[in-house]
Amino acid sequence: NKGSGKSVYAHAIHKGRENKDIPFFEVHIHRGTGNACAGMKDLLSRAGASLYIAGFEHFPMPEQQELAPYLESYGSMLIFGFDDSLKALFDQGRLDAKLYHWLRKKSVISVPPLKEMEDFDAIIRSFIVKYNEKYGKQVVAVRPEVLETLRKHHWQRDMIELKSVIGEMVRVSEGEYLEEGELTALYENAAVRNEKSAGAKTINLNQPLKHIVNDILRIVLEEENMNQSRAAERLGINRTTLWSKLKEKS
(Lines give C-alpha, C1' and ligand atoms only; values in the text may rest on other atoms or scores of the structure.)
Protein backbone atom coordinates (compact mmCIF):
# COMPACT_ATOMS: atom_id res chain seq x y z
CA ASN A 1 0.00 0.00 0.00
CA LYS A 2 1.04 3.59 -0.61
CA GLY A 3 2.19 5.48 2.46
CA SER A 4 3.33 2.37 4.31
CA GLY A 5 7.08 2.96 4.32
CA LYS A 6 7.97 -0.07 2.21
CA SER A 7 11.38 1.35 1.25
CA VAL A 8 12.19 1.85 4.94
CA TYR A 9 11.27 -1.79 5.64
CA ALA A 10 13.37 -2.88 2.66
CA HIS A 11 16.38 -0.98 3.97
CA ALA A 12 15.88 -2.51 7.41
CA ILE A 13 15.83 -6.00 5.87
CA HIS A 14 19.06 -5.21 4.04
CA LYS A 15 20.71 -3.90 7.21
CA GLY A 16 19.80 -7.12 8.97
CA ARG A 17 21.73 -9.32 6.56
CA GLU A 18 25.09 -10.78 7.56
CA ASN A 19 27.21 -8.95 4.97
CA LYS A 20 26.41 -5.30 5.65
CA ASP A 21 29.10 -4.11 3.21
CA ILE A 22 26.91 -4.98 0.23
CA PRO A 23 25.42 -1.76 -1.21
CA PHE A 24 21.68 -1.07 -1.20
CA PHE A 25 20.03 0.54 -4.22
CA GLU A 26 16.46 1.74 -4.64
CA VAL A 27 14.99 1.47 -8.14
CA HIS A 28 11.68 3.28 -8.70
CA ILE A 29 9.95 2.52 -11.99
CA HIS A 30 7.39 5.13 -12.97
CA ARG A 31 7.31 4.40 -16.69
CA GLY A 32 8.23 0.95 -18.03
CA THR A 33 9.96 2.23 -21.15
CA GLY A 34 12.35 0.22 -23.31
CA ASN A 35 15.21 2.30 -21.95
CA ALA A 36 14.16 1.53 -18.38
CA CYS A 37 14.04 -2.17 -19.27
CA ALA A 38 17.59 -2.01 -20.70
CA GLY A 39 18.81 -0.25 -17.56
CA MET A 40 17.11 -2.83 -15.37
CA LYS A 41 18.79 -5.68 -17.28
CA ASP A 42 22.18 -4.02 -16.93
CA LEU A 43 21.68 -3.54 -13.20
CA LEU A 44 20.54 -7.14 -12.71
CA SER A 45 23.50 -8.41 -14.72
CA ARG A 46 25.95 -6.90 -12.25
CA ALA A 47 24.63 -8.37 -8.99
CA GLY A 48 26.61 -7.53 -5.84
CA ALA A 49 23.93 -5.20 -4.40
CA SER A 50 20.63 -5.51 -2.56
CA LEU A 51 17.94 -4.06 -4.82
CA TYR A 52 14.62 -2.60 -3.75
CA ILE A 53 12.45 -2.45 -6.89
CA ALA A 54 9.27 -0.39 -6.67
CA GLY A 55 6.74 -0.17 -9.48
CA PHE A 56 7.82 -3.23 -11.45
CA GLU A 57 4.18 -3.65 -12.54
CA HIS A 58 4.59 -0.54 -14.71
CA PHE A 59 6.60 -2.59 -17.20
CA PRO A 60 4.44 -3.93 -20.07
CA MET A 61 4.12 -7.73 -20.28
CA PRO A 62 6.83 -8.22 -22.97
CA GLU A 63 9.35 -6.33 -20.83
CA GLN A 64 8.34 -8.27 -17.71
CA GLN A 65 8.86 -11.53 -19.57
CA GLU A 66 12.20 -10.29 -20.90
CA LEU A 67 13.35 -9.38 -17.39
CA ALA A 68 12.10 -12.56 -15.70
CA PRO A 69 15.29 -14.65 -16.31
CA TYR A 70 17.45 -11.82 -14.95
CA LEU A 71 15.35 -11.61 -11.80
CA GLU A 72 15.34 -15.36 -11.24
CA SER A 73 19.13 -15.67 -11.61
CA TYR A 74 20.08 -12.54 -9.66
CA GLY A 75 22.78 -13.40 -7.15
CA SER A 76 21.93 -10.93 -4.39
CA MET A 77 18.87 -9.85 -2.42
CA LEU A 78 15.83 -8.62 -4.36
CA ILE A 79 12.98 -6.83 -2.59
CA PHE A 80 9.88 -5.75 -4.49
CA GLY A 81 7.47 -3.02 -3.46
CA PHE A 82 3.95 -3.14 -4.90
CA ASP A 83 1.03 -0.81 -4.16
CA ASP A 84 -1.44 -3.69 -4.39
CA SER A 85 -1.47 -7.41 -3.65
CA LEU A 86 0.16 -9.85 -6.09
CA LYS A 87 -3.24 -11.47 -6.70
CA ALA A 88 -4.87 -8.13 -7.51
CA LEU A 89 -2.07 -7.15 -9.89
CA PHE A 90 -2.30 -10.53 -11.63
CA ASP A 91 -6.10 -10.33 -11.92
CA GLN A 92 -5.80 -6.81 -13.36
CA GLY A 93 -3.38 -8.07 -16.02
CA ARG A 94 -0.53 -6.00 -14.66
CA LEU A 95 1.76 -8.86 -13.63
CA ASP A 96 3.07 -11.65 -15.86
CA ALA A 97 1.75 -15.11 -14.93
CA LYS A 98 5.21 -16.70 -14.63
CA LEU A 99 6.48 -13.88 -12.44
CA TYR A 100 3.32 -13.97 -10.36
CA HIS A 101 3.80 -17.65 -9.51
CA TRP A 102 7.55 -17.12 -8.92
CA LEU A 103 6.92 -14.24 -6.52
CA ARG A 104 4.22 -16.15 -4.66
CA LYS A 105 6.85 -18.72 -3.64
CA LYS A 106 8.90 -15.99 -1.95
CA SER A 107 8.34 -14.25 1.36
CA VAL A 108 5.45 -11.80 1.05
CA ILE A 109 4.84 -9.10 3.65
CA SER A 110 1.64 -7.06 3.61
CA VAL A 111 2.35 -3.60 4.99
CA PRO A 112 -0.69 -1.43 5.91
CA PRO A 113 -0.75 2.32 5.18
CA LEU A 114 1.27 4.31 7.68
CA LYS A 115 -1.79 5.90 9.35
CA GLU A 116 -3.33 2.44 9.93
CA MET A 117 -0.29 0.91 11.61
CA GLU A 118 -1.01 -0.23 15.15
CA ASP A 119 2.51 0.74 16.22
CA PHE A 120 2.28 4.29 14.79
CA ASP A 121 2.91 5.76 18.26
CA ALA A 122 5.92 3.48 18.81
CA ILE A 123 7.38 4.46 15.44
CA ILE A 124 7.21 8.14 16.39
CA ARG A 125 8.79 7.43 19.80
CA SER A 126 11.67 5.64 18.11
CA PHE A 127 12.27 8.69 15.88
CA ILE A 128 12.14 10.99 18.91
CA VAL A 129 14.82 8.91 20.64
CA LYS A 130 17.00 9.07 17.52
CA TYR A 131 16.74 12.83 17.15
CA ASN A 132 17.04 13.54 20.88
CA GLU A 133 20.49 12.03 20.63
CA LYS A 134 21.32 13.90 17.44
CA TYR A 135 20.21 17.34 18.65
CA GLY A 136 20.88 16.98 22.38
CA LYS A 137 17.20 17.34 23.30
CA GLN A 138 15.09 15.63 25.99
CA VAL A 139 11.70 15.30 24.32
CA VAL A 140 9.69 12.56 26.05
CA ALA A 141 6.44 12.45 24.05
CA VAL A 142 4.01 14.08 21.64
CA ARG A 143 0.91 15.94 22.80
CA PRO A 144 -2.25 13.86 22.06
CA GLU A 145 -3.72 16.47 19.70
CA VAL A 146 -0.43 16.66 17.79
CA LEU A 147 -0.26 12.88 17.54
CA GLU A 148 -3.77 12.83 16.10
CA THR A 149 -2.79 15.42 13.49
CA LEU A 150 0.22 13.35 12.50
CA ARG A 151 -1.87 10.20 12.24
CA LYS A 152 -4.48 11.85 9.97
CA HIS A 153 -1.93 13.55 7.70
CA HIS A 154 -1.59 12.33 4.10
CA TRP A 155 2.03 11.23 3.93
CA GLN A 156 3.18 11.62 0.33
CA ARG A 157 6.58 10.07 1.05
CA ASP A 158 5.37 7.66 3.74
CA MET A 159 7.70 6.82 6.63
CA ILE A 160 10.64 8.73 5.15
CA GLU A 161 8.63 11.93 5.34
CA LEU A 162 7.35 11.14 8.84
CA LYS A 163 10.91 10.55 10.03
CA SER A 164 12.07 13.84 8.52
CA VAL A 165 9.18 15.81 10.03
CA ILE A 166 9.70 14.34 13.52
CA GLY A 167 13.40 15.14 13.23
CA GLU A 168 12.63 18.77 12.41
CA MET A 169 10.06 19.00 15.21
CA VAL A 170 12.58 17.68 17.74
CA ARG A 171 15.26 20.05 16.43
CA VAL A 172 13.13 23.15 17.01
CA SER A 173 11.43 21.95 20.21
CA GLU A 174 12.02 23.81 23.47
CA GLY A 175 10.32 21.55 25.99
CA GLU A 176 9.70 17.94 26.91
CA TYR A 177 6.72 17.55 24.56
CA LEU A 178 6.23 18.12 20.84
CA GLU A 179 3.58 20.85 20.76
CA GLU A 180 1.29 22.23 18.06
CA GLY A 181 3.80 25.00 17.46
CA GLU A 182 6.31 22.49 16.12
CA LEU A 183 3.84 21.33 13.44
CA THR A 184 5.30 24.05 11.21
CA ALA A 185 7.68 21.32 10.09
CA LEU A 186 4.71 19.38 8.77
CA TYR A 187 3.11 22.14 6.71
CA GLU A 188 5.78 24.64 5.73
CA ASN A 189 9.19 22.96 5.53
CA ALA A 190 9.23 21.57 1.99
CA ALA A 191 12.94 20.93 2.21
CA VAL A 192 12.34 18.48 5.06
CA ARG A 193 9.46 16.76 3.26
CA ASN A 194 11.64 16.26 0.19
CA GLU A 195 14.65 15.00 2.10
CA LYS A 196 16.18 11.89 0.51
CA SER A 197 16.13 8.62 2.36
CA ALA A 198 19.26 8.20 4.48
CA GLY A 199 21.32 5.22 3.40
CA ALA A 200 19.36 4.61 0.18
CA LYS A 201 20.68 5.48 -3.29
CA THR A 202 18.07 5.94 -6.01
CA ILE A 203 18.89 5.11 -9.62
CA ASN A 204 16.88 6.67 -12.44
CA LEU A 205 16.33 4.03 -15.12
CA ASN A 206 14.66 6.47 -17.51
CA GLN A 207 17.97 7.79 -18.80
CA PRO A 208 20.59 6.53 -21.26
CA LEU A 209 22.35 3.32 -20.21
CA LYS A 210 25.71 5.11 -19.99
CA HIS A 211 24.26 7.50 -17.39
CA ILE A 212 22.84 4.60 -15.36
CA VAL A 213 26.29 2.98 -15.24
CA ASN A 214 27.80 6.33 -14.25
CA ASP A 215 25.31 6.63 -11.37
CA ILE A 216 26.30 3.19 -10.10
CA LEU A 217 30.00 4.08 -10.29
CA ARG A 218 29.41 7.37 -8.48
CA ILE A 219 27.38 5.78 -5.67
CA VAL A 220 29.88 3.00 -4.99
CA LEU A 221 32.84 5.39 -5.14
CA GLU A 222 31.16 7.76 -2.67
CA GLU A 223 30.46 4.87 -0.30
CA GLU A 224 34.13 3.84 -0.51
CA ASN A 225 35.38 7.41 0.08
CA MET A 226 36.61 7.58 -3.54
CA ASN A 227 38.94 4.60 -3.02
CA GLN A 228 39.08 3.13 -6.55
CA SER A 229 40.56 -0.21 -5.50
CA ARG A 230 37.77 -0.98 -3.02
CA ALA A 231 35.11 0.32 -5.42
CA ALA A 232 36.41 -1.89 -8.23
CA GLU A 233 36.41 -4.91 -5.91
CA ARG A 234 32.77 -4.30 -4.94
CA LEU A 235 31.74 -3.82 -8.57
CA GLY A 236 33.45 -7.04 -9.61
CA ILE A 237 35.79 -5.36 -12.09
CA ASN A 238 39.50 -4.63 -12.03
CA ARG A 239 40.89 -1.21 -11.19
CA THR A 240 42.00 -0.58 -14.78
CA THR A 241 38.47 -1.11 -16.09
CA LEU A 242 37.07 1.22 -13.43
CA TRP A 243 39.66 3.87 -14.30
CA SER A 244 38.73 3.54 -17.98
CA LYS A 245 35.02 4.02 -17.21
CA LEU A 246 35.78 7.03 -15.01
CA LYS A 247 37.84 8.51 -17.83
CA GLU A 248 34.84 8.09 -20.16
CA LYS A 249 32.74 10.13 -17.74
CA SER A 250 35.12 13.09 -17.73
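The values are calculated or read from the model by the stated rules, or taken from the named source; none is laboratory data. Values in this document were obtained by computation on a predicted structure and should not be read as measured data. Because the Cβ atoms are built from the backbone with ideal geometry, glycine has one as well, and the counts that use them run over all protein chains shown. Side chains are part of the model used for accessible areas, which takes the heavy atoms of the whole protein and leaves out ligands, DNA and RNA. Shrake-Rupley method; radii C 1.70, N 1.55, O 1.52, S 1.80 Å.
Compared with the alpha-carbon gap, the fully stretched path from residue 120 to residue 83 is longer by 11.4 nm at 0.36 nm per residue. Between residue 104 and residue 46, the modelled labels are 3.4 nm apart [label points 7 Å from Cα along Cα→Cβ].
List the pairs from 98/163; 106/134; 41/163; 15/134; 6/41; 15/41 whose alpha-carbon separation is above 30 Å, in the order I gave them. Check vs 30 Å cut-off fails for 98/163; 106/134; 41/163. For GluC sites (Glu not before Pro), the sites in region 116-173 that DSSP calls loop and that have at most 10 other Cβ atoms within 10 Å are 118. Loop-located trypsin sites (Lys or Arg not before Pro) in region 31-102 (DSSP state not H, G, I, E or B) with no more than 14 neighbouring Cβ atoms inside 10 Å: 31.
Note on exposure: 119, 91 ranked by accessible area (1.4 Å probe, complete protein assembly) read 91, 119, with the most exposed listed first. Model label points for residue 38 and residue 204, set 7 angstrom from Cα along the Cα-to-Cβ axis, are 1.7 nm apart.
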